[in-house]
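Notes for the one structure printed next.
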Amino acid sequence: MSQIRGEKRVEFGENISIVKYEKYGLSFEVIVDVKKAWEYKTGKETDPTEVLQTFVIYENARRGEKASEENMQKIFGTTDPLEIAKVILKKGELHLTTEQRRELLEQKKKKIINILARTCVNPQTGLPHPPTRIENAMEEAKVQVDLWRSAEEQVKDVLKRIQSVIPIKMETLRVAVKFPPEYAGKGYNILERFGRIIREEWQSDGSWIAMIEIPGGVKGQLLNVINTATKGKAQIKFLQKT
């Protein structure tokens, strides 16, 4: 099915759906790109004009019935379609097919797993868990991923659930690194990829010393990158765990 409004034809299909908002018995709908609408509703900074497929406010989008200006003014205090659309996108319900919901849940699950793999370690070994092990633990603990909460918001809840299945904890490390003069220029770019630089100092011989906070799960990657980039000449010291 398609609709033509303004000069734009919109085909409802795999990636196009509606967001519906109801108040005082009145319905308002906008036609959206599913993935961009999902990102917008789950907190990712997204331009609403990139989410919308048309700048038309509908009473029933699939039938092409536009909302009246009288009703828009009554509910939203304006007839500006973009301002109204922002409210609908934020407060309304995104309609998803079963396949769309499955795909978006899988994306959210993978993001949670990647965060846990990066920020957590096995306290028995000090090593990170592979993503597959974390995924298996989530399945064993019967973790239900919430489609509408951000991955970051769900990480701690998921961590508590899987701690009954595998030994795992969140860990932050402080690392001091001294880059010799010939590699000092590379130092900043390397370290900022892995964490937050909290202190730095140039030495009289041209070497560069920095202290960085990193998630425990990237310790091995950081060591490999620094040693490869400096041919093993950098001095690395792990200072504390939190």
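The values are calculated or read from the model by the stated rules, or taken from the named source; none is laboratory data. Everything quoted here is computed from the prediction, not taken from an experiment. Don't worry about glycine lacking a Cβ; one is built from the backbone with ideal geometry, like all the others, and counts go over all protein chains shown. Accessible surface is based on the protein model in full, side chains and every heavy atom, while ligands, DNA and RNA are left aside. Shrake-Rupley method; radii C 1.70, N 1.55, O 1.52, S 1.80 Å.
Taking segment 161-194 as the range and being basic (Lys, Arg) and not in a strand (DSSP E or B) as the test, the residues that pass are Arg161, Lys186, Arg193.
For segment 87-118, a residue qualifies if it is open to solvent by 70 Å² or more (accessible area, probe 1.4 Å) and either more than 32 Å from the chain's Cα centre (by Cα) or under 17 Å from Tyr40 (Cβ atoms) (or both), and the qualifying residues are Lys90, Lys91, Glu93, Arg101, Gln107, Lys111. A count restricted to segment 24-64 and to residues that are closer than 13 Å to Leu94 by Cβ, open to solvent by 40 Å² or more (accessible area, probe 1.4 Å), out of contact with any Asp or Glu (no Cβ under 7 Å at 6 or more places or on another chain) and not aromatic (Phe, Trp, Tyr) stands at 3.
Inside segment 227-242, can you point out the residues that are modelled with pLDDT of 90 or more and farther than 13 Å from Glu182 by Cα? Correct list: Asn227, Thr228, Gln235, Ile236, Lys237.
Being assigned to a strand (DSSP E or B) and among the charged types (D, E, K, R) is the filter here; which residues of segment 24-45 pass it?
Keep residues of segment 24-45 that are assigned to a strand (DSSP E or B), which gives 26-33.
Glu29, Asp33, listed by residue number.
Residues in segment 162-185 that are surrounded by fewer than 16 Cβ atoms within 10 Å (Cβ to Cβ) and either within 22 Å of the chain's Cα centre (by Cα) or farther than 30 Å from Gln144 by Cβ (or both): Lys169, Thr172, Ala176, Pro181, Glu182, Gly185. All conditions in (1) assigned to a helix (DSSP H, G or I); (2) touching a residue at least 40 places away in the same chain (Cβ under 8 Å); (3) open to solvent by 40 Å² or more (accessible area, probe 1.4 Å); (4) under 30 Å from Leu89 (Cα atoms) hold for Val158, with the sole exception of (3). The strands (runs of 3 or more DSSP E) found entirely in segment 195-242 that carry 3 or more residues being charged (D, E, K, R) are 196-202. When Ala151 is tested against (1) touching a residue at least 40 places away in the same chain (Cβ under 8 Å); (2) touching a strand residue (DSSP E or B) at 6+ places or on another chain (Cβ under 9 Å), exactly one condition is not met: (2). Answer yes or no: is there a residue in segment 87-102 that is touching an Asp or Glu at 6+ places or on another chain (Cβ under 7 Å) and free of Cβ contacts under 8 Å to residues at least 24 places away in the same chain. Checking segment 87-102: not a single residue is touching an Asp or Glu at 6+ places or on another chain (Cβ under 7 Å) and free of Cβ contacts under 8 Å to residues at least 24 places away in the same chain. Do you know which residues across segment 67-84 are more than 15 Å from Lys23 (Cβ to Cβ) and surrounded by 17 or more Cβ atoms within 10 Å (Cβ to Cβ)? If the condition is that a residue be more than 15 Å from Lys23 (Cβ to Cβ) and surrounded by 17 or more Cβ atoms within 10 Å (Cβ to Cβ), then Pro81 is the only one that fits.
Taking segment 46-63, which residues are outside any loop (DSSP other than H, G, I, E, B) and either on the phi > 0 side of the Ramachandran plot or among the hydrophobic types (A, V, I, L, M, F, W, C) (or both)? Break it down stepwise before answering.
In the first step, residues of segment 46-63 are kept if they are outside any loop (DSSP other than H, G, I, E, B); the result is 48-52, 58-60.
Of everything in segment 46-63, those that are outside any loop (DSSP other than H, G, I, E, B) and either on the phi > 0 side of the Ramachandran plot or among the hydrophobic types (A, V, I, L, M, F, W, C) (or both) turn out to be Val51, Leu52.
Of all residues assigned to segment 196-207, none qualifies as being open to solvent by less than 50 Å² (accessible area, probe 1.4 Å), under 22 Å from Leu105 (Cβ atoms) and not polar (S, T, N, Q).
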